[in-house]
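Visitor: Got a structure for you, written out below as structure tokens; questions coming shortly.
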Amino acid sequence: MSVSLRLPDDLSERLNILAAQTGRSKTFYMLEAISQHIDDLEDRYLAEQRLLDVRSGRSKTHSIDDVERDLGLAD
């Protein structure tokens, strides 16, 4: 898959310098940045959806005490 990305000049310059200094391609660093950040974005989206479900009553919450008791882990 091919994607076109237009970077702001300052970010593009930083990427050029990093690639030149390390001998790696700009594509390598763009893929690294996306790969590392997409996990955070997915987690955030999931958390936001979960919060909306709880607030709307579509999902219930359980206290840690209830979970421990139900699993036989309570003291």
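Visitor: Keeping all protein chains in position, work out how much accessible area residue 34 exposes to a 1.4 Å probe, and write it in Å² to the nearest 10.
Guide: Accessible surface of residue 34 is approximately 100 Å².
Visitor: Roll a 1.4 Å probe over the protein heavy atoms and report the accessible area of residue 59 in Å², nearest 10.
Guide: Solvent-accessible area, nearest 10 Å²: 30 Å².
Visitor: What part of the accessible area of the range 25-75, given as a whole %, is carbon or sulfur when the probe is 1.4 angstrom?
Guide: On the way: 2570 of 4710 Å².
It is 54 percent, rounded to a whole number.
Visitor: Expressed in whole Å with the largest first, what are the equivalent ellipsoid semi-axes of the range 1-62 derived from the C-alpha gyration tensor as the square root of 5 times each eigenvalue? Numbers along the way, then the final one.
Guide: Details: eigenvalues 290, 26, 21 Å².
Gyration-tensor ellipsoid for the range 1-62: 38, 11, 10 Å.
Visitor: Compute the helix-to-body angle for 9-22: its Cα long axis versus the longest principal axis of the chain, expressed 0 to 90° and rounded to tens.
Guide: Roughly 80 degrees, rounded to the nearest 10.
Visitor: Might you report the magnitude of the Cβ-based charge dipole of the chain about its Cα centre, with Lys and Arg at +1 and Asp and Glu at -1, to the nearest 20 debye?
Guide: Details: 10 positive and 15 negative charges, 89 e Å.
It works out to roughly 420 debye.
Visitor: What number comes out for the charge environment of residue 60, summing +1 per Lys or Arg and -1 per Asp or Glu over other residues with Cβ under 11 Å away? Each step should come with its number before you reach the end.
Guide: Details: positive: 58; negative: 53, 66.
Summing Lys/Arg as +1 and Asp/Glu as -1 gives -1.
Visitor: How far apart, in nanometres, would the label points at residue 41 and residue 19 be if each is projected 7 angstrom from Cα along the Cα-to-Cβ direction?
Guide: 2.0 nm
Visitor: Compute the signed sum of charges (Lys and Arg +1, Asp and Glu -1) over the other residues within less than 10 Å, Cβ to Cβ, of residue 18. Intermediate values should be presented prior to the final figure.
Guide: Values: positive: 14, 24, 26; negative: 13.
Summing Lys and Arg as +1 and Asp and Glu as -1 gives +2.
Visitor: On to the next question. Toward the positive end of the charge dipole of the range 1-63, about the Cα centre and with charges on Cβ (Lys, Arg +1; Asp, Glu -1), which of 16, 4, 38 goes farthest?
Guide: Checked the options; the winner is 38.
Visitor: Order 66, 43, 9, most accessible first, counting only protein heavy atoms with a 1.4 angstrom probe.
Guide: Numbers: 66 55, 43 100, 9 135 Å².
Order by accessible area, largest first: 9, 43, 66.
Visitor: Could you give the length gained on full extension between residue 9 and residue 59, defined as 0.36 nm per residue of separation minus the Cα-Cα distance, in nm? It would help to have the intermediate numbers written out before the result.
Guide: Numbers: separation 50, 0.36 × 50 = 18.00 nm, distance 4.52 nm.
Full-extension gain reported as 13.5 nm.
The values are calculated or read from the model by the stated rules, or taken from the named source; none is laboratory data. Here the structure is a predicted model, which is why all the values come from computation and not from measurement. When we count neighbours, we look across all protein chains shown, and the Cβ atoms used for this are built from the backbone with ideal geometry, even at glycine. The accessibility values were calculated without ligands, DNA or RNA, using every heavy atom of the protein model including side chains. Shrake-Rupley method; radii C 1.70, N 1.55, O 1.52, S 1.80 Å.
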